Amino acid sequence: MKPVQVFLIAAALLATAHADINPPAEKSFSAPVTLQVGYPYLEYLPQGYDATSDKKWPLIMFLHGAGERGNNLNQIKKHGPPKELANGRKVDAVVICPQCPTEQLWSSHGVHALTQEIIRTHAIDQQRVYLTGLSMGGFGTWETAIDYPNTYAALVPICGGTGVRFLLSSRIKHIPQWIFHGAKDPVVDPKFSEKMHDLLKKQGADVRLTIYPEAQHDSWTAAYGNNELWSWLFAQKRQ
C-alpha cells in the first residue's frame, strides 16, 4: 500500500471517530462552602485603652513567618511588632498577632475573620486597620488584602510575594503600601517584591519599596525598627 493511501485511510478513520463524539455542553456549578478557621493569638492593648469609652483605636494585624508556626505563642515574640513592643516601643494601637498551625499557610479567610472579630469586640477605628507580615506572613498580607480589599487601610509586606496572584494586583491598588525586602535574600527572591511594586506603581498606587542592600532574609528587623514606618503607618486611613 502506498504512503498516500495509508494517509487517506488514517484521515478517514480519524474523521469517523470525531463524528462519534458529542459536541461539548456548556454547564455551570455553584454551591455554598463552609470553612472552619481558628487561630490562637497574642493581644496587645495600648496604654489607656478602655473598651467602654468612645475612643477608637487603630488595629495592627501581624502575620509571622513559617518558622514561628505551631502551638506555642512565645514563638511569635521573636520578631516583628511583639519584639518591638517588648523592647519598649510605644504603639498607640491594638496589636493582634495570631499563630498559624504547623504545616499550614496563612488562610486569607481566617485572617480576615479574626480581623472582623477584633473589630466587633474591641474599640477599633475601622478606617485605621493595618495588615503587616514577614516572609510567609508577607505572602499572607498580600493574599488577604487581595481577597478582602475593602478592609485594610495600609499594608506592610516584608520579604513576601504573591505568586500568580500578582494578576489580581489591581484589586489592591487603592491601598497604601510600604514593601520591604533584603537585596541578598536567599529564601524569597526580592524580585517578588519588586514585581508587585512595579505593577502597583503602573496602576497609580501609593506604594513604596525599600530594599536593604546588605540584608538577607531578615529584612524585618530593620523594617520594624524604622521609626518612619510607624509614623507613615498611623497616618494612613481607609478611603
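The values are calculated or read from the model by the stated rules, or taken from the named source; none is laboratory data. What you are looking at is a predicted structure, and each value in this text was computed from that prediction instead of being measured. No Cβ is skipped: glycine too gets one built from the backbone with ideal geometry, and neighbour counts run over all protein chains shown.
In table form, for the structure just shown:
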read-out	value
All positions within the range 155-199 that are within 13 Å of Gly133 (Cβ to Cβ), hydrophobic (A, V, I, L, M, F, W, C) and within 14 Å of the chain's Cα centre (by Cα)	Leu155, Val156, Ile158, Cys159, Trp178, Ile179, Phe180
Residue match in the range 164-172 (condition: touching a strand residue (DSSP E or B) at 6+ places or on another chain (Cβ under 8 Å) and at negative phi)	yes
The range 163-190, residues that are farther than 19 Å from Ile146 by Cβ and surrounded by fewer than 17 Cβ atoms within 10 Å (Cβ to Cβ)	Ala183, Lys184, Pro186, Val187, Asp189
Filtered residues of the range 206-217 (kept if buried (at least 19 other Cβ atoms within 10 Å of the Cβ) and not in a strand (DSSP E or B))	Ala215
Pick from the range 76-98, criterion within 18 Å of the chain's Cα centre (by Cα) and under 14 Å from Leu134 (Cβ atoms), ranking: surrounded by the most Cβ atoms within 10 Å (Cβ to Cβ)	Gly80
The one condition in (1) under 17 Å from the mean Cα position of the chain (by Cα); (2) closer than 17 Å to Gly140 by Cα; (3) not charged (D, E, K, R) that Leu233 fails to fulfil	(2)
Criterion violated by Asn71 - all others in (1) touching a Lys or Arg at 6+ places or on another chain (Cβ under 6 Å); (2) assigned to a loop (DSSP other than H, G, I, E, B) satisfied	(1)
Considering residues of the range 218-231 that are in a helix (DSSP H, G or I) and either of a type in the set (Gly, Ala, Ser) or without any contact (Cβ under 8 Å) to a residue 60 or more places away in the chain (or both) only, the residue nearest to Leu59 (Cα to Cα)	Ser231
Filter result for the condition that a residue is closer than 12 Å to Tyr41 by Cβ, at pLDDT 95 or above and surrounded by fewer than 17 Cβ atoms within 10 Å (Cβ to Cβ), over Leu105, Leu73	Leu73
Some residue of the range 147-161 being surrounded by 19 or more Cβ atoms within 10 Å (Cβ to Cβ) and over 26 Å from Lys83 (Cβ atoms)	yes
